[in-house]
1. Expressed as a rounded percentage, what relative contact order does the range 170-323 have, with Cα pairs under 8 Å and six or more residues apart?
2. For a protection proxy built on the mean count of beta-carbon atoms within 10 angstrom, sort 224-233, 197-206 highest first, please.
3. What is the fewest-to-most order of 133, 325, 144 by other Cβ atoms lying within 10 Å of their Cβ?
4. Take every DSSP beta bridge whose two residues both sit in the range 122-220, then give the antiparallel share in percent to the nearest 5.
5. Rounded, prolate or oblate: pick one for the range 144-238, where a ≥ b ≥ c are the square roots of the eigenvalues of its C-alpha gyration tensor, a/c under 1.5 means rounded, and failing that, prolate if a/b is larger than b/c, else oblate.
6. What shape does the range 290-329 take by its C-alpha gyration tensor, where a ≥ b ≥ c are the square roots of the eigenvalues and a/c under 1.5 counts as rounded, a/b above b/c as prolate, and the rest as oblate?
7. Would you give the gap between the C-alpha center of the range 201-276 and the C-alpha center of the range 162-198, rounded to a whole Å?
8. Show the residues, 5+ positions off or on another chain, whose built amide H is closer than 5 Å to the amide H of residue 331.
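Derivation of every value follows stated rules applied to the coordinates shown; laboratory data play no part. Just so you know, these numbers come straight off a predicted model, no measurement behind them. As a convention, Cβ positions derive from the backbone with ideal geometry for all residues, glycine included, and neighbour counts pool all protein chains shown.
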Amino acid sequence: MPDCCCTRKLSPSGSNPLCHVRSLPPFEPGAPGKNTGTARRNFVPVCLALCFVLTGIFRAAPVLVAQQQLIRALAPGEEFIQQTVPARQTSCELEPGDQVWVISTREMTENPCAGNLQCAQYDGCEYRRRTLDELSSEILAAPDIKTVFYVHGNFTDLGWSLQRGCEVYRRLFRGRACRAPVRFIIWSWKSEREAGPIVDFSVKSRRAVEEGANLVSVVNQLQPSHPVVIGYSLGCQVVLSGLTQPDQTPHTMWSVGLIAPALECDFDRQLCLFPLNTSEISELNVFTNARDRALKYAGLRCRIKRCGNSGLNQHTMVPWLALGDVTPVVWDIGCEVGRQHSINDYIASPTILSTLREMIETMDHPPTDPAIVTDPVPALGTASSGLAMAASVMTAAVPADSVAIATWR
């Protein structure tokens with residue numbers, strides 16, 4: 001059998017790297033300068049590993065270059081908000097009467113009293129620096145404008161938070177006639193990539209738990225009337241942490257939407273000590289996706305960390321959310337989104353769009369009993385959207401008498 005060495009060779013299409021087999025000189029025992037048998041046996045896996053590394057570098061090079069340019073444009077020494085965000089950024093194109101704001105906690109120290117929180121408003125061309133007091137005055141002056149908070153997920157720097165936030169705003173409100181104006185606030189927290197996937201997720205999940213205190217404190221200071229708070233990925237952890245703070249609670253009722261929730265494995269203890277209740281939440285919608293690769297990894301990490309116990313993930317979180325008198329409505333949207341973990345894919349889901357729009361339109365008239373759902377399945381235009389709406393309730397980790405079954409909708 002000839003020995004194999006992996007060399008880089010392009011397929012006829014010119015894209016896929018293949019392994020090319022060539023013969024090596026016969027082995028001569030004892031001959032000077034010849035490889036030993038062990039070295040020859042180790043040669044093949046070394047070549048395969050080298051091919052794998054080179055392929056990854058070639059594929060990642062354009063992304064790395066773009067990321068370096070983005071980091072330079074948003075370096076800490078520069079202004080908080082640049083007149084031009086990344087070139088791939090599309091303008092928000094504000095609808096008449098709407099407002100888009102950004103609140104950033106990226107420069108805050110460990111002591112929130114240090115006061116490094118930053119705020120800016122989009123004026124149709126650029127983000128202009130404002131203060132939190134100015135935003136509070138805007139809310140008091142126009143209380144009829146509905147306030148919506150969007151909290152992004154992991155691997156998001158300042159530029160990406162602005163771009164993704166504008167994309168969520170565009171999908172939800174662009175071109176919709178006969179609707180009330182909205183005040184869309186992007187909550188930008190420190191979640192840019194800092195390490196490899198395993199270490200980075202551990203750091204960010206703990207930071208997201210701590211970030212919840214900043215969120216609820218600022219919302220209480222602004223005092224919007226019945227805000228809608230939308231969290232995506234680790235942003236869901238920020239929202240839930242804000243709702244379960246031991247020393248402060250929301251001053252107004254929130255309508256909450258959790259999209260593809262990624263949570264700290266041990267956060268179930270916090271939900272047990274400070275369960276959600278209807279004095280703080282009028283409506284809670286959870287959008288899960290069993291096909292999402294990133295959420296699968298988050299669940300695997302919890303099982304490893306807790307020695308086989310599943311911990312808290314997008315499915316096992318449901319009974320913990322229902323420990324109080326809040327009944328979460330759970331939507332399984334895997335058939336609409338697929339395996340990708342991207343807010344662009346999720347915000348294009350017909351189920352998410354129709355549900356969030358309904359939450360925003362009815363935010364001034366919350367139901368008297370959130371556990372009762374009076375409307376049938378919302379019409380989404382076509383029967384081919386493939387809704388799979390299921391309440392995934394896992395009762396193994398929670399006492400049976402304290403589990404409220406999530407409502408089918």
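1. Relative contact order comes out at 19 percent.
2. Working: 224-233: 24.3, 197-206: 16.1.
By packing density, highest mean first, the sequence is 224-233, 197-206.
3. 144, 133, 325
4. Around 25 percent of the beta bridges assigned by DSSP in the range 122-220 are antiparallel ones.
5. Since a/c reaches 1.5 but b/c is at least a/b, the shape of the range 144-238 is classed as oblate.
6. In terms of gyration-tensor shape, oblate.
7. When both Cα centres are located, 17 Å separates them.
8. When sequence neighbours closer than 5 places are left aside, the close amide H contacts are 286, 287, 288.
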